[in-house]
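A short write-up of the structure that comes next.
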Amino acid sequence: MEQLNFIRQLPKVELHLHIEGSLEPEMMFELAKRNQIPLPFQSPEEVRAAYQFSNLQSFLDIYYQGAQVLIHEQDFYDLTWAYLLRCQQDNVIHTEIFFDPQTHTDRGIAFSTVVNGITKALSDAESQLGITSQLIMCFLRHLDEQAAFETLEQALPYKDKIIAVGLDSSEQGHPPEKFQRVFEKARQEGFLTVAHAGEEGSSENIRNAMSLLHVARVDHGVRCVDDPLLVEKLAELQMPLTVCPLSNLKLKVFDTMDQHNICELLEKGLCVTINSDDPAYFGGYMNDNFIAVAQSHSLGSASLAQFSLNAVEASFVDEESKAKMRNRILAHLEHSLS
Ligand code: ADE
Ligand code: ZN
């Protein structure tokens, strides 16, 4: 089977997707009009042209601005539904998505508006598209600990809808230890934990996310290579890394895709996965990320399938669901070899 078709038809699991980062410029314009929010751009093309980032912060500034068009429950539904239709196109069979409540509650949008809009779309996707999902609530790490505690409090009535808490936004200057106590509380309340670490911050952040926040997965984690003992530990523990190749390129974590270390980490036996992060801003959903990695590193089918199998192992679902997904991936691999 030709490689592009192999990738397109490969069943995939996405574990690192910010729903606000799936807001395409066309929808940004539509919602801005619907909600009468002024935009500093004349057209979706002009918005796309502004997506030239020099680092994480330069992206975050424009990303938080874009999210301001989201006001009503229907807006969060439409945003999530549009992403799920992209999942269907890319053969993503299961997705675990992040949302940033503080980006919205700080503008006066109710927590319930955000969660209800997102979860209604997730539920419709399961019944209508056969795509399963989980929801992860992220704390914005540039805000203080108290704000994170208040956000956690707001999430408690939605425990059945939110599987885990995470940590995103500016990594530099906001290390995992700042949120140790709130993560402790979240774990006591029954949430799993994940955290962005080692994206543009140090490998020390990865170590501390594991030892202090007790994360079940590390989001990004690519800077682990600065600490060979940590790399060994990640392999030994099979600690999943949710790597986002096109994001890393756009935010200049790596200069070119051939310099990206994802394949080196795969060869070392780490549980690395491929994800899209903020696809509307970084120019690609799941298939595009798989294709970019495959083409720059001349990967074969077995390695590509391994990324998907790793994501199944790393997902927050029961063993029976994992077995079903694993079998679908293995069947695709076998079929492609016959
Ligand atoms: N929020 C959305 N995308 C992010 C990323 N790649 N890193 C940190 N925070 C984010
Ligand atoms: Zn991210």
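Any read-out appearing in this document is the output of simple, stated calculations on the displayed coordinates, not a laboratory observation. These numbers come from a predicted model, not from an experiment. Positions of Cβ are generated from backbone atoms using ideal geometry, with glycine treated the same way; all protein chains shown enter the neighbour counts.
Kindly provide the Kirkwood hydrodynamic radius of region 175-268 in Å, to one decimal, from all pairs of distinct alpha carbon atoms.
Mean inverse Cα-Cα distance, inverted, gives 13.6 Å.
Reachable aspartates and glutamates from Lys159, Cα under 17 Å, same-chain residues fewer than 8 places away excluded?
The reachable aspartates and glutamates, counting only those whose Cα sits under 17 Å from Lys159, are Glu96, Asp100, Glu150, Glu184, Glu189.
Over the Cα atoms of region 2-337, what Rg and Dmax result, in angstrom?
Cα only, region 2-337: 18.7, 54 Å (Rg, Dmax).
Suppose we look only past 17 Å in the calculated P(r) of region 89-157. What percent of the Cα-Cα pairs does that tail hold?
47 percent
Contact order normalised by length for the chain, with contacts defined as Cα pairs under 8 Å and 6 or more residues apart; what percent is it?
Worked out over the chain, it gives 20 percent.
Among Phe6, Phe282, Phe290, rank each residue by its count of other Cβ atoms within 10 Å, from fewest to most, as a rough exposure measure.
So the ranking, lowest neighbour count to highest, is Phe6, Phe282, Phe290.
Taking only C-alpha pairs under 8 Å that are 6+ residues apart, what is the relative contact order of region 53-159 in percent?
So the answer I get is 32 percent.
Taking the beta-carbon count within 10 Å as an exposure proxy, list His94, His16, His214 from fewest neighbours to most.
Exposure proxy ranking, most exposed first: His214, His94, His16.
Under the classification rounded if a/c is under 1.5, otherwise prolate if a/b is larger than b/c and oblate if not, where does region 193-338 fall, given a ≥ b ≥ c as square roots of the Cα gyration tensor eigenvalues?
Judged from the Cα gyration tensor, region 193-338 comes out oblate (a/c at least 1.5, b/c at or above a/b).
Arranged by the count of other C-beta atoms within 10 angstrom, fewest first, what order do Leu299, Leu337 take?
Lowest to highest Cβ neighbour count: Leu337, Leu299.
Pop a pseudo-label 7 angstrom from the Cα along the beta-carbon direction at both Glu46 and Lys185 and give the gap in nm to one decimal.
If labels sit at Glu46 and Lys185, their model points lie 4.3 nm apart.
Quick one: plug the Kirkwood hydrodynamic radius of region 152-195 (C-alpha pairs) into Stokes-Einstein at 37 °C, 0.692 mPa s, and report D in µm²/s.
Translational diffusion coefficient: 296 µm²/s.
With unit charges on the beta carbon (Lys/Arg positive, Asp/Glu negative), name the residue among Gln65, Ile93, Val243 whose Cα is farthest towards the positive pole of the charge dipole of region 2-337.
Ile93
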